[in-house]
1. For B:126-138, what's the mean count of beta carbons from other chains sitting within 10 Å of each residue's beta carbon?
2. Taking the full set of protein chains and a 1.4 angstrom probe, give the accessible area of A:L386 in square angstrom, rounded to the nearest 10.
3. So what's the gap between the Cα centers of region A:6-32 and region A:209-264, to the nearest angstrom?
4. With Cβ to Cβ distances under 12 Å as the rule, what net charge do the other residues near A:A130 carry (K, R +1; D, E -1)?
5. Go through B:H200, A:H418 and list them by solvent-accessible area, largest first, probe radius 1.4 Å.
6. Using only protein heavy atoms and a 1.4 Å probe, how much accessible area in total is buried between B and A, to the nearest 100 Å²?
7. Using a Cα-Cα cut-off of under 21 Å, which lysines could be cross-linked to A:K259, ignoring same-chain neighbours fewer than 8 residues away?
8. Can you list the HN-Hα couplings for region B:276-282, worked out from phi with the Karplus curve (6.51, -1.76, 1.60; θ = phi - 60°), rounded to whole Hz and with x for Gly and Pro?
Amino acid sequence: MAGAILENLSTKKLSFFCLCLLLVQIACFLVGGLVAPAPSSAHNILTTKCIDPSFSLQKWFQPHGPHACDKVRDFDEATKRGIFADWIVFSAQVPHRPNTMHRSFQYMLGVLVMDIGYSDEDGKHLAPNAAVTLVVRLGYKDTDDGEFQELVSVNETRKLECVFPFTEDKVGYHYSCEPLPLFELGSVHHKHYLINIRMPITKDKATGALTNTNIGSPEDLHVVIIHQNGGFTTVWMSIKTIMFPIVLLITIWFWRRVKTQGKPSVLLERTIFALAIIMSILNFPMEWLTFWVEVPFMTLLSDIKQGAFYAMLFSFWIIFIGEHLMDQTQRNRLKVYRRQVASIIFTFFCLFIFDVCERGVQLVNPFFSMWNTDKGYRLAMAFIILAGICLCSYCLFLLFMVYQVFKNISMRRATLPHMAKARRLHYEGLIYRFRFFMIFTVLTAIFTVIFFIMSQVLEGHQKAGESISSVQYTSGFYTGVYGMWNIYVVAVLVLYAPSHKKTASTSNGEGSEGSHVEFDIDVPSEGRPTDPVVAGSLTEAYQLLSKTATE
Amino acid sequence: MELKVWMSLCLIFGSFAMRIGHVYASGMWWTLGTAYTFAEDQIFDYPCRRIPGFQNRQLRYCEQNEEFVPTVAEGAKQGIDECQFQFRGRRWNCTTIEGDESVFGKILQFGSREKAFVNSIFSAGVAHSISRACSRGDYIGCSCDTRHQGPADNPHHIIPNATWRWGGCSEDVEFGLEFSRKFISPKEHWTRARVIMDRHNDEAGRKAVADSLELKCKCHGISGSCELKSCWWQMVPFRRLGAKLKDKYDSAAEMRVVRQSDPRGRVEVLEPKSLLYKPPTKADLIYYDPSPDYCRLDPELGSLGTVGRTCNRTSDAIDGCQLMCCGRGYNTIRRQVVERCNCQFVWCCKVVCDECVRNYEVHTCK
């Protein structure tokens, strides 16, 4: 890749460009932090205990309204009335009246929290490794007075992970149990949802033992509903809608510039183009569709898009660094990087398979999760560990390459003064480009990590009864980081597009058309040469360059 | 069925209607707790104007929210039950006195430690039961509060569904706490020691609820990572609140009443009696009248005495016969009872047991 725009840009223009990007970055962060609400909210719904002596899986049991079910307040009362465990239907309507669900909520997760009371009485203890068997029906309706329609009806088993943290005064206290994942819906297309849960006492077909007999004495079931906030969806999609055309236009501009060079495009240019294309695909605000059409696979799709972007980004880093290695090997072919790229592809393929298994099956059965069964758990862990190993090896290789580049740079530095002018300028261009890229990339990555930690820390110290702070750090983190990677891609597109100016390229300094051309060695100030010889040679180069410019 | 409930209510409370005076406003609504039963399809119907001691602003707030009264009653009942559980082995054991409008008799007319506890457990009970009812979706009024989380263009006019859609609603427990505050402790009469004490202890009860909330979280980022995390508050069982307030009762701060003159007239202020101890915080209970020893029956003080109470012969604590009977000694009776044993429990409501005969001794105070 001969002379990029970056090398031929004056300091003034470059700083102006960076300042613009910085402003966009701050705007992205502020929009998320000040305008958008938290990304998601959780609603703790206490289920109503309905009575159904007929054990009917056809009927719906609603906690409120004109068709409210026959209720029982607590199990003491149920015992007095001679009600059996099989008759109890735990019912939760989502959301609470008078609200309705909205399509902008995008996804809905259900989590089951069991309040299991401690009891001294015989047979009321919670067995270790107990599992609870649930018969769950999930229904929906879109009108206030219509009948519920069945979405799914399943028979699921979940392992209970409970501890009893108290040592004295045990009676009336609850076990502390891990929330149980219940279901995940990839789209919230309907206005009302109804969840009916039963914990039947039946003979297990496989073992012949009675189900739900060693789960202690549950007192209440809470269903926690988690969904994306409508406000966050609006802000998020607005950012996407604005980013999409901008990045797309710059991509087109970049590719036309590459084409008008008059020579075949090099690998690095093609890689940047591919990165930009994938960024555009990620930016494409497809989620607007969910407002009109039911798209249950949207979360799967956005996971895949995000994975593809990261895979591309990692490949881009490898190729960029490889192309700046400055040893004498001729690269410029994807084949050279096949091992690294393959490891990246494999990493994301593992994660892809895992995601398809998890979310793909959830399209059919929202109550499915690989984590719920021992086999699935091991499989999921295997995928994730495999992906982790690949990613680690990738990182090690990347670091090794960066180290090599820096080693080569210092070697070249030493020999720079003895080189022919054209060659020297070529190498100086390479070094400058590389350093700028390194600083920019490392800054972006560091900021991502800092934002993430900050949002976790700032949100973590929430206390009950305190008013929610006016700044939503998590939302700010999301929009900020999203904006940042867009800015990163835009900066790479603009700064590393081939330049039309030939001064800094290998054309032997014949064309000194750009009178304002400046070779600014001060920008990568972090790596300011300390070796006096190198420093001297660089100033010399600079003087030479300005000389040619004034001629 | 409804008629029967009404009749019994009339019987219990018939006498109050005439006697609604100014004796002490706080506490008489507790009668709701004794009237409350939730059984089958009985409807608990208890209009606000029949609640003794409710006047002006409090009555208005109650009438605006009359649908909540059954839940308030449930909370009061919960408070009474918890009080009796926590004080089961004490000389004063939270006995309710039938036909008494302050539920526990005259003892609560003083600014005693016991009154401090009862105030706090009731306000906590109301906050707790209202929060639970809201979290069950029983009432339309509390499902989404009016805290504005959307764009701040018009903070006064809020359409619940818009707030809900934009950023979700705040926790039900906050509604419960606010309801308990408005229903129990109206902003009136700040100048009397009794009111200051009641309000402080009411608030301490609510603070116990707020402080004991547990934050639970669920990670739901890509592949279940914690990149995305949602959290919610969970209330602890009421038993734990009761135990916590009982601790506060044991370490309650004694105050003294200081009378000051003020442009509004004479004003009473409470100050810590002893400067050796740290001044009470908002979470601590305060009182200013010493409690009697509750050993003998004293109708003037409202003490029932401990004659006839069962005690534990082997205990050295307050439930032991020595302390419980105030040194008067005790009677021992041998009893034979048929008890349930070797029970098999099926999670909700079915217990299959054997019957066992057991002999034991009952000790009662002389």
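The values are calculated or read from the model by the stated rules, or taken from the named source; none is laboratory data. Computed from a prediction, not measured in an experiment: that's the story for all the values here. Virtual Cβ from ideal backbone geometry, glycine too; neighbours counted across all protein chains shown. The accessibility values were calculated without ligands, DNA or RNA, using every heavy atom of the protein model including side chains. Shrake-Rupley method; radii C 1.70, N 1.55, O 1.52, S 1.80 Å.
1. Numbers: counts 0, 0, 0, 0, 0, 2, 2, 1, 2, 8, 14, 15, 6.
Across B:126-138, the average partner-chain Cβ count within 10 Å equals 4.
2. Taking all protein chains as shown, A:L386 has close to 80 Å².
3. 26
4. Details: positive: A:R158, A:K159; negative: A:E161.
Its environment carries a net charge of +1.
5. On the way: B:H200 45, A:H418 150 Å².
From most exposed to least exposed: A:H418, B:H200.
6. On the way: alone 21340 and 28280 Å², together 43630 Å².
Buried surface at the B/A interface: approximately 6000 Å².
7. Filter leaves A:K501, A:K502.
8. Coupling constants for region B:276-282: 6, 9, 5, x, x, 8, 5 Hz.
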